[in-house]
Amino acid sequence: MQKIKKFVKKIYKLGITLWHYSWSLIGRIILTGVQDKMVIVGITGTKGKSSVVSILSFVLKSLDIKYASYSTLEISSNQGSVLNTQKMTMPGRWTLPMYFRKAYKNGARVGIIEVTSSGLSQFRGDAFNFDIVAITNLQKEHIEIHGGFDNYKQAKGRLFKLLTQSKHKFIDNKKIEKVSIVNFDDENSQYYLDFKADKKYIVSLNENKNNTKINILNLNLIKPENLAIDATGLHFNFEDIHFDVNLYGTFSVYNVMMTLAILKALKVDMAKVAEIIKDYKGTKGRMEFVKTKTNKNVVVDYAHTPDSLKAVLTTLKEMGFKKIISIVGACGGSRDKWKRPEIGKIAGNLSDYVIVTNEDPYDEDPHKIMNAIYAGIENKEKARIIADRIEAIHKGIDMLNSDEEVLIVTGKGSEKVVMVKGGMRGFTKQDYAGDYEVAEQYLEKMN
């Protein structure tokens with residue numbers, strides 16, 4: 001009986017694999033005669049992907065370079081942008097190929113895809129002939145889905161493998177180079193640099209051009225010079241051009257430099273980029289300050305991993321806030337259970353007060369998830385659980401007493417749905433106003 005069960009399981013797994021792969025072949029057919037005339041950019045990594053897509057889209061749109069992009073955050077082109085409300089970065093079947101086929105007909109000549117490890121594992125990237133691939137960083141996430149960190153790393157590596165599996169394109173009689181871009185400061189960078197590419201760019205805040213390894217491997221260094229990070233944003237020089245960017249934190253520097261590397265690969269004029277990027281107002285739901293006439297500081301951020309939470313809380317401290325109140329969520333039901341107490345621990349150590357609330361419990365009991373986060377907070381006297389997310393945001397705002405204090409609402413970013421128990425698959429979408437909107441309405445009511 002055990003052998004039969006094993007055999008059935010193996011056949012089922014093979015069937016699922018063939019199902020996903022067949023859709024990638026259909027995707028290739030849909031994109032026939034289309035993607036050979038487009039430069040396709042794939043951006044992966046644990047965090048920062050959506051921000052890089054957002055900054056890149058803003059610059060290309062401002063320069064009137066015809067593009068189309070698809071990310072966790074939004075679906076965007078020169079014609080406009082809409083929020084991605086599907087809770088899916090790389091939707092399956094024909095969705096992505098049909099989107100870019102239609103975008104090409106509307107004039108797009110650059111296609112930008114936020115690429116996930118799950119999407120790559122299900123061959124959703126195989127439909128595309130990538131010309132530029134980039135990885136922002138690699139941190140512990142989706143471990144349960146992939147069955148270990150090494151599997152997760154290798155899933156991301158498939159994007160780099162795909163880069164040179166397809167033939168070179170010739171657009172306007174010019175051969176398009178196959179380019180890879182890697183965060184050199186990430187401890188897993190060498191794994192991705194080992195994949196073949198015509199040209200390799202590395203983003204680093206620490207290295208210099210005289211580094212022996214960089215020269216031996218013929219790597220092209222993308223590094224900000226004279227970098228300054230303060231309450232007004234990021235300030236640095238790149239290729240002897242001064243940049244001012246209205247973003248905050250070291251993690252934002254990496255996102256910007258990754259974007260500049262992609263723009264360099266696209267052969268965009270950096271002087272024009274510097275002029276345009278200073279008008280970029282930030283990515284929705286990523287370190288986004290809620291703008292009202294009150295003196296209360298509220299920030300909305302997607303931070304949903306221990307590392308990203310640590311990064312945003314550290315940034316707020318560096319900005320000089322005397323008191324930080326954090327709202328942390330339920331980290332997504334039925335996945336990455338290891339990070340729940342870690343989220344609590346980091347929030348507790350780097351905040352003056354923590355409110356644990358509901359986020360996306362899916363088919364799991366939300367209270368069980370919240371209790372696991374709460375368990376990680378060492379000082380229980382400066383923490384509490386408020387299950388209702390809207391009530392939690394209101395309470396956090398009520399606790400602010402001066403403009404030297406800040407409330408940060410993490411976990412959902414700009415998302416307008418909550419995944420709750422129910423439906424055919426065991427979970428379903430529930431409409432939600434959005435963290436920014438909830439905070440904005442309450443602040444305006446107070447004013």
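The values are calculated or read from the model by the stated rules, or taken from the named source; none is laboratory data. Model, not experiment: these values are computed from the prediction. Every residue, glycine among them, receives a Cβ derived from its backbone with ideal geometry; neighbour counts consider all protein chains shown.
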Tell me yes or no: at least one residue of region 21-29 is aliphatic (A, V, I, L, M) and at pLDDT below 85. yes
Quick one: how many residues across region 176-216 are of a type in the set (Val, Ile, Thr) and within 30 Å of Asp36 (Cβ to Cβ)? 6
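How about region 374-407: which of its residues are β-branched (Val, Ile, Thr) and in a strand (DSSP E or B)?
Selection gives Ile385, Val406.
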Test result for Asp307, surrounded by 16 or more Cβ atoms within 10 Å (Cβ to Cβ), acidic (Asp, Glu) and under 21 Å from Met88 (Cα atoms): no
Specify which of the listed residues (Glu415, Glu391) is buried (at least 16 other Cβ atoms within 10 Å of the Cβ), in the same structural domain as Gln441 (by TED's automatic domain parsing) and among the acidic types (Asp, Glu). Glu415
Those residues of region 335-375 which are in contact with a Phe, Trp or Tyr (Cβ under 7 Å, 6 or more places away or on another chain) and more than 15 Å from Met419 (Cβ to Cβ), in sequence order: Gly344, Val356
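Can you pull out the residues in region 408-447 that are of a type in the set (Gly, Ala, Ser), part of a loop (DSSP other than H, G, I, E, B) and under 25 Å from Arg340 (Cα atoms)?
Passing the criteria: Gly411, Gly413, Ser414, Gly422, Gly426, Ala433, Gly434.
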Is it fair to say Glu364 is surrounded by fewer than 22 Cβ atoms within 10 Å (Cβ to Cβ), touching a residue at least 24 places away in the same chain (Cβ under 8 Å) and more than 17 Å from Ser308 (Cβ to Cβ)? yes
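Answer yes or no: is there a residue in region 368-382 that is over 27 Å from Thr314 (Cα atoms) and either buried (at least 16 other Cβ atoms within 10 Å of the Cβ) or not charged (D, E, K, R) (or both). Break it down stepwise before answering.
Start the filter on region 368-382 by keeping residues that are over 27 Å from Thr314 (Cα atoms), which leaves 368.
Adding the requirement that they be either buried (at least 16 other Cβ atoms within 10 Å of the Cβ) or not charged (D, E, K, R) (or both) leaves none.
Checked region 368-382: no residue is over 27 Å from Thr314 (Cα atoms) and either buried (at least 16 other Cβ atoms within 10 Å of the Cβ) or not charged (D, E, K, R) (or both).
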Considering region 66-79, residues that are closer than 12 Å to Val41 by Cβ and not small (Gly, Ala, Ser), and then whichever is modelled with the highest pLDDT, we arrive at Tyr67
Among residues belonging to region 394-412 that are surrounded by 15 or more Cβ atoms within 10 Å (Cβ to Cβ) and not aliphatic (A, V, I, L, M), point out the one that is farthest from Glu437 (Cα to Cα). Glu405
Of Asp336, Asp301, the only residue that is closer than 24 Å to Thr428 by Cβ and of a type in the set (D, E, K, R) is Asp336
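Does Ser308 fit the bill of being closer than 25 Å to Leu407 by Cα, outside any helix (DSSP H, G or I) and small (Gly, Ala, Ser)?
Considered against the rule, which asks whether it is closer than 25 Å to Leu407 by Cα, outside any helix (DSSP H, G or I) and small (Gly, Ala, Ser), Ser308 comes out as no.
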Looking at Val418 and the list (1) in contact with a Phe, Trp or Tyr (Cβ under 6 Å, 6 or more places away or on another chain); (2) within 29 Å of Asn295 (Cβ to Cβ); (3) of a type in the set (A, V, I, L, M), which single condition is not satisfied? (2)
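Take Lys196 and decide whether it is among the charged types (D, E, K, R), part of a helix (DSSP H, G or I), on the phi < 0 side of the Ramachandran plot and surrounded by fewer than 18 Cβ atoms within 10 Å (Cβ to Cβ).
no
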Which listed residue is modelled with pLDDT under 95 and outside the structural domain of Gln430 (by TED's automatic domain parsing), from Val82, Val52: Val82
